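We did not get these values from a lab; they are worked out from the coordinates using the rules stated. None of these values were measured; they are calculated from a predicted model. Every residue, glycine among them, receives a Cβ derived from its backbone with ideal geometry; neighbour counts consider all protein chains shown.
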Amino acid sequence: MSVKLGRILGFPIEIDWSWFVVFFLVAWAIRDGLLLQLVPDAASPAVLALAGVTGGLLFFASLLGHELAHCWVARRRGIPIAGITLFIFGGVARMKMEPDRPSDELRMALAGPAFSIAAAIFFWLVWGAQILPALWSELARYLAIANIVVALFNLVPAFPSDGGRALRAILWMWTGSLQKATRTAAWLGQAAGWGLVFLGVSRFLMGDWGGIWYVFLGLFLQNAAQIALHQTQWRRAMRGLTVRDLMDRSPVLLPPGVNIREAVHEYFLRQPAEVLPVVEEGRVLGMVSVASLRAVPQERWDDTPVSAVMAAVQPELYVSPSQDAWEALSGVRRPANVPLLVVEDGLLIGTISQETLARQLQLRMRIEA
């Protein structure tokens, strides 16, 4: 779940719900853990609270600038960006496709840390100039240090962090193989993730509750490295393929007049599927999910057609059979149980479900291995 903020430099910006939790913690830490200790008599509680909120906003603005730097370089190199999402561990630039050249990946990877270092220098100069009251000068010093920490942490060669992507780009240049470079970088990323988990558990057992944060961060990094490796493998398997090559040409489709009981036993359990399209004479009327069927009392199943509980289809779920497979599939954000609908001349000619896609790609990867 995320909140759309708008666009900056043409890039859509979203905030995940987890960001609000971290923002509160950062603002509280700045107020109570830093400013109150360093300048306890410099301001009233209200001003300290304002400084904490301001510091939190400026810190996350710095993270946003970090991601915008990635996106700006990506756009300059011809790589489309779906948007930026700020979340519990910072931010992520959602690329619609991976770079085709290692030099592009290297430039993109280093752009974010370069921005963070520039932001650190700016805040350090503000602190050094001593032109602000003590409270706000200390806030500038904190933001300078925070941006340096962000830059250094992102430069750790643990894929898919910026440093890990830079390492992959260098390995890609050296070996000439994106697959080999990704495997090596992902392995290091997973190793770093488990290392953070071990460190966090050790610190927690010694009485440091902050170790829990290292555990969460390590698990996130380990999982992210695994996902990034799978995405690269899938992208390689999809090279040169169109949506038509991967679609299910004989999907299970619901007629609008079928009642819920028949839909459950004759359609959903045949697939099995969580979501099915409602189609009449080749035209998609809507989508029906298991959740929407369960919302109807069973004593009404015989008298309620599926058309009464179907939902409208989101436009992004429609894809063309001639579209590049990777571009079409990676550019759509949807729940895993919702299929893509392949439409030609207004008529449904196939679907792509998560299960069908996984079977197709696993088979292709085994054949090409």
Report task. Take the Cα atoms of the chain, build their convex hull, and give its volume per residue in Å³. Result -> 190
Report task. Over the alpha-carbon set of the stretch 172-282, divide Rg by the Kirkwood Rh and report the Rg/Rh ratio to two decimals. Result -> 1.25
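Can you compute the FRET efficiency between V92 and T54 using 1/(1 + (r/R0)^6), with r the Cβ-Cβ distance and R0 = 22 Å? Round to the nearest 0.05.
Values: r = 25 Å, r/R0 = 1.12.
Given R0 = 22 Å and the Cβ-Cβ separation, E is 0.35.
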Query - Euclidean distance of C-alpha centroids, the stretch 86-121 and the stretch 180-202, integer Å - result: 20
Report summary line: quick shape note, the stretch 87-174: Cα extents on principal axes in Å, largest first -> 50, 26, 20
Report task. Could you calculate the FRET efficiency of D303 with L363 from 1/(1 + (r/R0)^6), where r is the beta carbon distance between them and R0 is 51 Å, rounded to 0.05? Result -> 0.75
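How much of the DSSP beta bridge set in the chain is antiparallel, as a percent to the nearest 5? List each step's numbers first, then the result.
Details: 27 of 33 bridges.
Antiparallel bridges: around 80 percent, rounded to the nearest 5.
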Report summary line: Ranking Q362, G350, P339 by how far each Cα lies towards the positive end of the charge dipole of the stretch 243-368 (+1 on Lys and Arg Cβ, -1 on Asp and Glu Cβ), the top one is Q362
Report task. Read phi for every residue in the stretch 167-173 and hand back ³J(HN,Hα) as whole Hz from Karplus 6.51 cos²θ - 1.76 cosθ + 1.60, θ = phi - 60°, with x for Gly and Pro. Result -> 4, 4, 4, 5, 5, 4, 4
Report summary line: If one builds a Gaussian network model of the chain from Cα atoms under 10 Å apart, the most fluctuating residue listed among A263, A129, A325 is A129
Query - Neighbour-count ranking [beta-carbon atoms within 10 angstrom, fewest first] of M97, M108, M287 - result: M97, M287, M108
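Given R₀ = 56 Å, what would the calculated FRET efficiency be for E280 paired with I117, taking r from the Cβ atoms and rounding to 0.05? Spell out each step's value before the answer.
Details: r = 59 Å, r/R0 = 1.05.
With a Förster radius of 56 Å, E is 0.45.
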Report task. Measure nothing fancy, just the Cα-based angle from helix 134-154's long axis to the longest principal axis of the chain, in degrees from 0 to 90, nearest 10. Result -> 50
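What full-extension length gain, to one decimal in nm, is calculated for L152 and L219 as 0.36 nm per residue of separation minus the Cα-Cα distance? Display every interim value, and only then the final one.
Details: separation 67, 0.36 × 67 = 24.12 nm, distance 1.95 nm.
This chain segment gains 22.2 nm when fully extended.
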Query - Cα gyration tensor of the stretch 243-368 - equivalent ellipsoid semi-axes, whole Å, descending - result: 27, 16, 12
Query raised in the report: Which of these, L110, L199, L341, has the largest mean-square fluctuation under a Gaussian network model of the chain (Cα springs below 10 Å)?
Result: L199
Requested in this report: Choose one of V26, A308, G163: the residue whose Cα lies farthest towards the positive end of the charge dipole of the chain (beta-carbon charges +1 Lys, Arg; -1 Asp, Glu; about the Cα centre).
Outcome: G163
